[in-house]
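Quick notes on the structure that follows.
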Amino acid sequence: MKDNVDISVDFAGIRLANPVFTASGTCGYADELAEFADVNALGGFITKSITVRPRKGNPTPRIVETDSGMLNAIGLANIGVHKFVEEKLPVLEKLSPAVFVNVAGETINDYVTVVERLASERAIAGFELNISCPNVAKGGISFGTEPEQVAKITSAVKKAAGEKVLMVKLSPAVTDISIIARAAVEAGADALSLINTFTAMVIDIESRKPVLANKTGGLSGPAIKPIAVYLVNKVYNEVAKSSGAPILGIGGIMTASDAIEFIIAGASAVGIGTANFIEPGCTIKIIEGIKNYCARNKIASIKELTGTLQE
Amino acid sequence: MTKNCIAAKKGVFLAAVKANKQIGRRFYRLRLEFSGPAAEAFANSKPGQFAQLNLSGTALPAAKDIPDELANNARRNILLRRPFSFADVTCEDDKTLVDILYCVVGPASLRMTTLSAGDSVSVIGPLGTGFCVPEGKKRALLVAGGMGAGPLQHLAKLLTADYPNIDVMAFAGAKTAKELPFGARLDEISQQLGFSLREFADYGVESLVATDDGSAGWKGLVSDCLAEWLGQAAFAGNDMIIYSCGPEAMLAKVADIALKNNIDCQVSMERMMACGIGLCQSCAVECKADRPGKTVYKLCCKDGPVFDSREVIFSA
């Protein structure tokens, strides 16, 4: 029975062997993860954020553990698009999962420059627009909280992206996430990924200083999962269902049952982030667990499960 | 044991707990046993390498056994693995035994104290670079601060076993006698120089103890103890190498002493890390770049934890 289950998905026109992605910034450029997990078993792979020029990232401490979660403030440390093309693309080109490049910048022009440089690369299936990073002084989240800004950056990048799929990653730190989601889709986004981390703080009560050098960081992990499930369901009902733009559900997924919650809520695929830090092989177990769930519930294709939340 | 800097094949393994012995109020020595491919991987591990232990499912001690200073957040969930270096690695038949010296400092290490023989624990390792032994050295000085003694015990074993031409000498420091992570009874630790800690003496390595308050051994910082010893010794800097592990402020002082005395120095750095395998980029160590005045962040987990002291920009 299990072998008859079809867990392939159609994600904005791309056929994926299964609905499991690694989330941006949690698996580098795939080379580090490959030592611990069969990267080719993934449905999709999202690189860490790429910017026009290399970025050193923030001073340390860059992370702190919280109850059932963690804060990170890496600061978009990356090698820059030039080195990415030279050193990392040849490796990514050999992988079977659909490769999305996460793109970040300080100005709209920065985003466009990175996407233009990569739009004709065969190794890349699409882009994930990072307009929701809470850890940089300029750009990042400031693009993702105003619907007019979201529309402007999405349409500019869409033109540069050519035939590639454009996915926009949404911040949960907004009054109504559906307004942002709608602005992105109407401006040409082919898919939505949500949620990015919540801006958060941990204080050392002895020194009365924030633990992170950046003062604040993005909260991820199981602590944010129920909020992420809710927001995926909201965006599915209010934007994605009618527009047809698929959702990549992200936020504290540790197990197959977590992933299935997101799919029932409305996600077509799921992104695994923090869990990779604890179990670098967890994505493989999650894929297997999704298959088992479908077999047990007589679901012939995982596609049938998306947005099936019962009243 | 490999002599070069090639890392052993790493992986996610299940280890069997063989012992977990308390060796002072806050210190423990955990013995893990690895079988199969894990035994081979850890048999080839180098001093200074580390492993990530998953303690999220490990039980808390009974309330009465939780120290007052930790009671406040002892019940916090553990999500991330915790990194530990090795105090000893031994091969027995087809098994490999790995000793981890640890100090109870928070909710994860508190849970670790309840591990006992028969338990198993998930381990990712061996990870990172280890200490390297350059050609032509005649004298190695191991300088430990507090818990930094662990990997230097492992190194003492390797040096004495594989490098008979290198004289090894250990310096171990802590704030007070109670904070020395050694098995010796505190009243046995001499007020005099030249006292040998059993953990080093077992390998024929002489050791000096320094405490900030003078409650054991030399009174003062272990780095000052090292400086004074170097001042009295008449060895050429080129012939020596310093290996150091401990708090960053101490490492910075040791690195400075090494530089002034023209001695090669390798330091084992510590950073908060989520994954330990290069995914999360949390554990950045600021290092000098090729261009003057420029710096780069290297990763403690992959590029380190052992660095040449001349490349590190110490933050403490």
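Per-residue Karplus couplings for region A:50-61, computed as 6.51 cos²θ - 1.76 cosθ + 1.60 with θ equal to phi - 60°, are listed in order as 10, 10, 4, 10, x, 10, 6, x, 7, x, 9, x Hz, Gly and Pro entered as x. Computed from backbone phi, the HN-Hα couplings of region B:290-307 come to 4, 7, x, x, 9, 10, 10, 9, 9, 9, 4, 6, 10, 7, x, x, 8, 10 Hz, rounded to whole numbers (Karplus: 6.51 cos²θ - 1.76 cosθ + 1.60, θ = phi - 60°; Gly and Pro given as x).
Stokes-Einstein diffusion of region B:11-127 at 25 °C, 0.890 mPa s viscosity, Kirkwood radius from Cα pairs, rounded to a whole number: 171 µm²/s. Here region B:11-127 is assigned +1 on the Cβ of each Lys and Arg and -1 on the Cβ of each Asp and Glu. Its dipole about the Cα centre then comes out at about 480 debye. The helix-based estimate of mean residue ellipticity at 222 nm for chain A, built from -39,500 (n - 2.57) per DSSP H run of four or more residues and divided by its residue count, is -8000 deg cm²/dmol to the nearest 500.
Between amide H atoms placed 1.01 Å from N, distances below 5 Å from B:Glu206 occur with B:Ala170, all of them 5 or more places distant or on a separate chain. Both the radius of gyration and Dmax for the protein assembly as shown are 26.1, 83 Å, in that order, over alpha-carbon atoms. Looking at the protein assembly as shown, what % of its DSSP beta bridges pair antiparallel, to the nearest 5? Counting DSSP beta bridges with both partners in the protein assembly as shown, the antiparallel share is about 50 percent.
Between A:Ala267 and A:Gly307, the built amide H atoms are under 5 Å apart, and every one of these is 5 or more places off in sequence or on another chain.
Calculated on the alpha-carbon coordinates, the convex hull of region B:139-268 measures out at 90 cubic angstrom per residue. Taking N as the residue count of region B:93-151, its C-alpha radius of gyration divided by 2.2 N^0.38 Å amounts to 1.53. For the Cα trace of chain B, dividing Rg by the Kirkwood Rh returns an Rg/Rh value of 0.95. A simple spin-label model places the labels of B:Ala234 and B:Asp212 3.7 nm from each other, with each point 7 Å out along Cα-to-Cβ. Looking at region A:50-130, the trypsin sites (Lys or Arg not before Pro) that sit in a DSSP loop and have at most 13 other Cβ atoms within 10 Å of their own Cβ are A:Lys94, A:Arg122.
Scaling the Cα radius of gyration of chain A by the globular reference 2.2 N^0.38 Å produces a ratio of 0.93. Each DSSP beta bridge with both residues in chain A is either parallel or antiparallel, and the antiparallel ones are about 35%.
Potential lengthening of the chain between A:Asp176 and A:Asn292 amounts to 38.2 nm, from the contour at 0.36 nm per residue minus the alpha-carbon distance.
Where both residues lie in region A:47-140, what percent of DSSP beta bridges are antiparallel, nearest 5? Here the antiparallel bridges make up roughly 50 percent for region A:47-140. Rounded to whole numbers, the Karplus 3J(HN,Hα) couplings from phi for region B:29-34 are 10, 9, 10, 10, 10, 10 Hz, using 6.51 cos²θ - 1.76 cosθ + 1.60 with θ = phi - 60°, and x at Gly and Pro. Less than 5 angstrom separates the built amide H of A:Gly75 from those of A:Asn58, all sequence-distant by 5 or more or on a different chain.
Any read-out appearing in this document is the output of simple, stated calculations on the displayed coordinates, not a laboratory observation. From a predicted model like this one, the values you see are computed outputs, not experimental measurements. Heads up, the Cβs are rebuilt from the backbone with ideal geometry, glycines too, and the neighbour counts pull from every protein chain shown.
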